[in-house]
Amino acid sequence: MAHCNLCDREVNHTSKHHLLPKSQGGKHTETVDLCQPCHKTIHKTFKNKVLAKKYTNIDSLKKSSELSTYLEWIKKRNIEKLKF
């Protein structure tokens with residue numbers, strides 16, 4: 001099992017999320033492990049420029065008002081994949 005650093009769930013798979021998006025110069029910077037639903041939701045919710053300016057650490061993402069409803073919802077679910 002793997003651990004998602006955003007929703008704090010135990011999941012089967014995670015992927016690396018660059019806290020500073022690669023397109024904004026973050027190719028070799030810090031990453032965090034995220035489940036697929038969280039990773040997709042972050043990139044659907046925020047443009048890379050916004051992520052680079054406001055959300056460069058996991059705590060800022062967890063406190064984001066844009067993600068609060070999603071995080072409350074996903075923490076209660078046993079979902080491995082979301083389709084958009």
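Testing the spin-label approximation: label points 7 Å from Cα along Cα→Cβ at Lys63 and Leu82. State their distance in nm.
2.2
Among Thr41, Thr69, Thr31, which one shows the biggest mean-square fluctuation in a GNM of the chain, springs joining Cα atoms closer than 10 Å?
Answer for the Gaussian network model of the chain: Thr69.
What pairs from Lys62/Lys83; Lys54/Lys76; Lys27/Lys76 go past 24 Å between their alpha carbons? Intermediate results must be reported in sequence, preceding the final value.
Numbers: Lys62/Lys83 22 Å; Lys54/Lys76 27 Å; Lys27/Lys76 33 Å.
Over 24 Å apart, Cα to Cα: Lys54/Lys76; Lys27/Lys76.
Can you tally the net charge around Cys4? Count Lys and Arg as +1, Asp and Glu as -1, for every other residue whose Cβ sits under 9 Å from the Cβ of Cys4.
Numbers: positive: Arg9; negative: Asp8, Glu10, Asp33.
Neighbourhood net charge equals -2.
Select from His28, His17, His39 the residue whose mean-square fluctuation is largest in a Gaussian network model of the chain (Cα-Cα springs shorter than 10 Å).
It is His28.
Select from Asn12, Asn57, Asn48 the residue whose mean-square fluctuation is largest in a Gaussian network model of the chain (Cα-Cα springs shorter than 10 Å).
Asn12
So what is the calculated 222 nm ellipticity per residue for the chain, using -39500 (n - 2.57) for each DSSP H run with n of 4 or more, over all residues, to the nearest 500 deg cm²/dmol? Present the calculation step by step, with values, prior to reporting the outcome.
Details: 4 runs with 29 residues, N = 84.
Result for the chain: -9000 deg cm²/dmol, rounded to the nearest 500.
Which net charge results for the neighbourhood of Lys76, defined as the other residues with beta-carbon distances under 13 angstrom from its beta-carbon, given Lys and Arg at +1 and Asp and Glu at -1?
Spelling it out: positives minus negatives among the neighbours equals +1.
Please go through segment 19-83 and write out the chymotrypsin sites (Phe, Trp or Tyr not before Pro) that DSSP classes as loop and that have at most 11 other C-beta atoms within 10 Å.
Within segment 19-83, no chymotrypsin sites (Phe, Trp or Tyr not before Pro) qualify (loop, at most 11 other Cβ atoms within 10 Å).
Only Cα pairs under 8 Å and at least 6 apart count here; give the relative contact order of the chain as a rounded whole percent. Intermediate results must be reported in sequence, preceding the final value.
Values: 111 pairs, mean separation 25.5, N = 84.
With pairs under 8 Å counted, the relative contact order is 30 percent.
Between rounded, prolate and oblate, where does the chain land on the alpha carbon gyration tensor, with a ≥ b ≥ c its root eigenvalues, rounded for a/c under 1.5, else prolate if a/b exceeds b/c?
Because a/c hits 1.5 or more and a/b exceeds b/c, the chain counts as prolate.
Where a number appears in this text, it was derived from the coordinates with a stated rule and is not lab data. Just so it is clear, the structure is predicted and the values come from calculations on it, not from any experiment. Here Cβ is always computed from backbone atoms with ideal geometry, including for glycine, and neighbour counts include all displayed protein chains.
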